[in-house]
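The block underneath contains the structure these notes are about, expressed in structure tokens.
The values are calculated or read from the model by the stated rules, or taken from the named source; none is laboratory data. None of the values given here were measured: they were computed from a predicted structure. Note: ideal-geometry Cβ built from the backbone for every residue, glycine included; neighbour counts use all protein chains shown. The accessibility values were calculated without ligands, DNA or RNA, using every heavy atom of the protein model including side chains. Shrake-Rupley method; radii C 1.70, N 1.55, O 1.52, S 1.80 Å.
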Amino acid sequence: MATEGQDIWTLRPANDRDLQEVVRIEQASFGDPWSDGDFRSVMAVRHAIFLVAEDSARKIGGYVITMAVTDESEVLNIAVDPERRGAALGALLLDAALAEAEKRGARSTFLEVRESNEPALRLYRSRGFEEISRRRRYYKSPVEDALVLRRAVH
Ligand SMILES: CC(C)(COP(=O)(O)OP(=O)(O)OC[C@H]1O[C@@H](n2cnc3c(N)ncnc32)[C@H](O)[C@@H]1OP(=O)(O)O)[C@@H](O)C(=O)NCCC(=O)NCCS
């Protein structure tokens, strides 16, 4: 449980019953959203860390998915309901996923982000992520380069 402003968020592993809300937030967040099946597939992977944040009314505010294999982890997805953004929920989710990955042995974490995605870049930089490379025209809808960021555990 964590408190931020007036919202009290509970972070917990996602389950099947969360997927409808997760897909709704996903579709409101990305031009090339993951499908329900994409989320289900990731849920079945042992190395996946898939957390949702729910408020005191049990409404999902956001989610994060990280894959932690050997000493490396990767943030595959993170999104916050547009109505709940800018109140540190993204930071709360990311910190929880990074902490769990580190608990499982991750020494570094990678992720890709659209180069124009300022809110996400700001969040990642505030958590120690640094740009290490660029993937040209990596994203569709719209086409855009991805920046590859890395964060090392010290
Ligand atoms: C990226 C995202 C998860 C951040 O969630 P959030 O709950 O709004 O983020 P937070 O409130 O924790 O803010 C984290 C940082 O980003 C900054 N930020 C938040 N919204 C911002 C905005 N619209 N413009 C610029 N910076 C912003 C905050 O100021 C904060 O930085 P600070 O700590 O230096 O003040 C959210 O914007 C989102 O869901 N975006 C759509 C999906 C997406 O792009 N995911 C990332 C894919 S790589």
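Sticking with the crude label model, points 7 Å out along Cα→Cβ, report the distance from Gln20 to Asn117 in nm, one decimal please.
Placing both labels 7 Å beyond Cα along the Cβ direction yields 2.7 nm.
Segment 47-91: percent of C-alpha pairs farther apart than 17 Å?
38 percent
Loop only per DSSP, at most 14 neighbouring Cβ atoms within 10 Å: give me the trypsin sites (Lys or Arg not before Pro) in segment 40-87, ordered by residue number.
Here the sparse-neighbourhood loop sites are Arg46, Arg58, Lys59.
Rg/Rh for the chain: what does it come to with C-alpha atoms and Rh from Kirkwood?
When Rh is taken as the Kirkwood radius, the ratio is 0.94.
Roughly how many Å² is the accessible area per residue of the chain, as a whole number, for a 1.4 Å probe?
It amounts to 56 Å² per residue over the chain.
Please give the Cα centre distance for segment 83-118 versus segment 13-81, rounded to the nearest Å.
Each part reduced to its Cα centre gives a spacing of 12 Å.
Round to a whole number: what % of the accessible area of segment 2-152 belongs to carbon and sulfur, probe 1.4 Å?
Using a 1.4 Å probe with all protein chains present, segment 2-152 comes out at 47 percent carbon and sulfur.
How long is the gain from His47 to Arg134 if the chain were fully straight, where each residue apart is worth 0.36 nm and the alpha carbon distance is subtracted?
That works out to 28.7 nm of additional length.
Placing +1 at every Lys and Arg Cβ and -1 at every Asp and Glu Cβ, with all other atoms neutral, what dipole size does segment 2-152 have around its Cα centre, in debye to the nearest 20?
I would put it at about 280 debye.
Please give the contour-minus-distance gain from Asp38 to Arg104: 0.36 nm per residue of separation, less the Cα-Cα distance, rounded to one decimal in nm.
21.4 nm
About its Cα centre, how strong a charge dipole does segment 36-125 have in debye, to the nearest 20, once Lys and Arg get +1 and Asp and Glu get -1 at the Cβ?
Charge dipole, segment 36-125, about its Cα centre: 160 debye, nearest 20.
In nm, give the distance between the simple-model label positions of Ser56 and Asp145, each being 7 Å from the Cα along the Cα-to-Cβ direction.
Here the answer is 4.7 nm between the modelled labels.
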